[in-house]
Amino acid sequence: DIMFAISNLKREGFLPADFKKIVEQEEEQLKIEKDELKKTELAKRQRNLAKWQELTQIYEKYQQKLRSSLRYDFDDMIALVVEAFDQHELLLREYQENIHYFLVDEYQDTNSAQNKVVDQLASYWGEKANVFVVGDPNQSIYRFQGASVENVLGFVSRYQQSEVITLDMGYRCPQN
């Protein structure tokens, strides 16, 4: 359960420090609201907060252990790119200037961290970004590898110059 939770945090783009801030905000919010909550709701929130505080410590130690042994896990492959682009503007700019076209197949299977990499790279081009995605929002329900339907649904608002082409005929699995 702990590894699943850490994996989900990474897929959503939350580093240990980010998650720690969220947990601290929840703790502050709970202090403010505790007198107004029913006993059952208060107990649930306190239990969840304790779990998140413990998860924060484990997540931090897990990441430290990975770094000290010069290792990374599967979810780090994307999370570390997001982090590097956030922290090193020159690195991001170098990739932005060299990549002119973006094709994302199976877009419904992208998680928040993967989507952020595309947005980071394409942001350099503004309205002229050449981003082509192929996906079926109806398949997003499977949440494969942390996939987020919000990526598909929010694409047109993020890339307002985009054109949506809907394929009405399915050729993949004909009845005959």
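The values are calculated or read from the model by the stated rules, or taken from the named source; none is laboratory data. Because the structure is predicted, anything quoted here is derived from the model rather than measured. Neighbour counts run over all protein chains shown; Cβ positions are idealised from the backbone, glycine included. Protein only, heavy atoms only, side chains kept; ligands, DNA and RNA dropped before computing areas. Shrake-Rupley method; radii C 1.70, N 1.55, O 1.52, S 1.80 Å.
May I ask you to list the residues in the range 75-113 that are without any contact (Cβ under 8 Å) to a residue 40 or more places away in the chain and within 26 Å of Ile22 (Cα to Cα)? Listed by number, the residues that qualify are Met77, Leu80, Val81, Ala84, Phe85, Asp86, Gln87, His88, Glu89, Asp109.
Within the range 23-60, the set of residues being free of Cβ contacts under 8 Å to residues at least 24 places away in the same chain and under 21 Å from Ile78 (Cα atoms) is empty.
For the range 40-56, name all the residues that are farther than 15 Å from Asp1 by Cβ and open to solvent by 90 Å² or more (accessible area, probe 1.4 Å). Within the range 40-56, Thr40, Lys44, Gln46 meet the criteria. Taking the criterion of being out of contact with any Phe, Trp or Tyr (no Cβ under 7 Å at 6 or more places or on another chain), surrounded by 13 or more Cβ atoms within 10 Å (Cβ to Cβ) and at pLDDT 95 or above, the residues of the range 58-73 that qualify are Ile58, Glu60, Tyr62, Gln63.
From the list Glu60, Glu36, the lone residue that is in a helix (DSSP H, G or I) and among the charged types (D, E, K, R) is Glu60. Take the residues of the range 129-164 that are open to solvent by 80 Å² or more (accessible area, probe 1.4 Å), part of a helix (DSSP H, G or I) and more than 22 Å from Val82 (Cα to Cα): which is modelled with the highest pLDDT? It comes out as Asn138.
Does Phe102 satisfy the criteria of being touching a strand residue (DSSP E or B) at 6+ places or on another chain (Cβ under 7 Å), of a type in the set (Phe, Trp, Tyr) and in a strand (DSSP E or B)? Criteria met by Phe102.
Among the conditions (1) open to solvent by less than 50 Å² (accessible area, probe 1.4 Å); (2) more than 28 Å from Val118 (Cβ to Cβ); (3) not β-branched (Val, Ile, Thr), Asp76 misses just one, which is (2).
Phe14 meets the conditions (1) in a helix (DSSP H, G or I); (2) under 20 Å from Ala84 (Cα atoms); (3) open to solvent by 60 Å² or more (accessible area, probe 1.4 Å) in every case but one. The failed one is (1).
Within the range 92-99, is there a residue that is within 16 Å of Asn151 (Cβ to Cβ) and either modelled with pLDDT of 95 or more or open to solvent by 80 Å² or more (accessible area, probe 1.4 Å) (or both)? No; the residues of the range 92-99 include none that is within 16 Å of Asn151 (Cβ to Cβ) and either modelled with pLDDT of 95 or more or open to solvent by 80 Å² or more (accessible area, probe 1.4 Å) (or both).
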